[in-house]
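Enquirer: Have a look at this one.
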């Protein structure tokens with residue numbers, strides 16, 4: 001009598017695994033089994049939020065590997081065309097935070113995808129192979145809309161980006177509406 005229950009449990013587990021994985025996002029199965037509510041760990045460091053989010057979205061550390069964050073933080077005098085210099089103590093605190101939760105150190109599935117598809121020399125999230133692949137069906141003309149402005153304005157389309165949720169079902173492109181590739 002125990003054998004049919006065992007087989008039923010195995011079949012149920014396989015069906016659930018296939019169903020979760022087939023959602024077109026390779027991170028889903030890890031997220032489902034880990035119970036993680038986010039695709040990427042949300043930002044938790046207040047100093048990082050205060051300093052960096054004053055000019056742009058506070059990108060989650062899990063969007064770049066640790067070496068890339070080191071490159072970003074070492075070039076604050078010319079931070080993508082802007083002077084974003086901070087005192088040495090704040091730089092050290094922020095860099096430590098970014099490196100601890102970096103893509104190559106995170107157990108969040110989408111972070112792992114960024115880590116696998118971003119070279120350590122890349123400083124732009126939008127240039128990673130993972131980002132490019134995930135956005136390849138979005139026409140560039142949408143990004144030119146003044147409500148978006150650039151590919152780096154994640155929160156303009158990913159309505160829960162600040163919470164670390166980048167699921168395609170949570171996308172609403174200004175002037176276009178819900179987007180599902």
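Enquirer: Please report 41, 110, 129, 3 as a ranked list, fewest other C-beta atoms within 10 angstrom at the top and most at the bottom.
Expert: Going from sparsest to densest Cβ surroundings: 3, 129, 41, 110.
Enquirer: Between residue 142 and residue 67, what FRET efficiency follows from the Cβ-Cβ distance if R0 is 30 Å, with the result rounded to 0.05?
Expert: Using R0 = 30 Å, I get an efficiency of 0.40.
Enquirer: Taking 8 Å as the Cα distance limit and 6 or more residues as the minimum spacing, I'd like the relative contact order of segment 137-181 as a percentage.
Expert: Relative contact order, segment 137-181: 29 percent.
Enquirer: Taking only the alpha-carbon positions of segment 137-181 and ignoring solvent, what does the Debye formula give for the base-10 log of I(q)/I(0) at q = 0.14, 0.20, 0.25 Å⁻¹?
Expert: -0.27, -0.57, -0.89
Enquirer: Extending each Cα 7 Å along its Cβ direction at residue 82 and residue 170, get the distance between those two points in nm, one decimal.
Expert: The answer from the label model is 2.4 nm.
Enquirer: Counting other beta carbons within 10 Å of each residue's own, what order do 80, 142 fall into, fewest first?
Expert: Ascending number of Cβ neighbours within 10 Å: 80, 142.
Enquirer: I've got another one for you. Between segment 118-181 and segment 38-95, what is the separation of their alpha carbon centroids in Å?
Expert: 19 Å
Enquirer: Please report 150, 106 as a ranked list, fewest other C-beta atoms within 10 angstrom at the top and most at the bottom.
Expert: 150, 106
Enquirer: Would you kindly state how much longer the chain becomes between residue 55 and residue 90 on full extension, computed as 0.36 nm times their sequence separation minus their alpha carbon distance, in nm to one decimal?
Expert: Extra length available between residue 55 and residue 90 comes to 11.0 nm.
Every number in this text was worked out from the coordinates using simple rules, so none of it is lab data. Small disclaimer: the values here were computed from a predicted structure and weren't measured. Backbone-built Cβ (ideal geometry, glycine too); neighbour counts: all protein chains shown.
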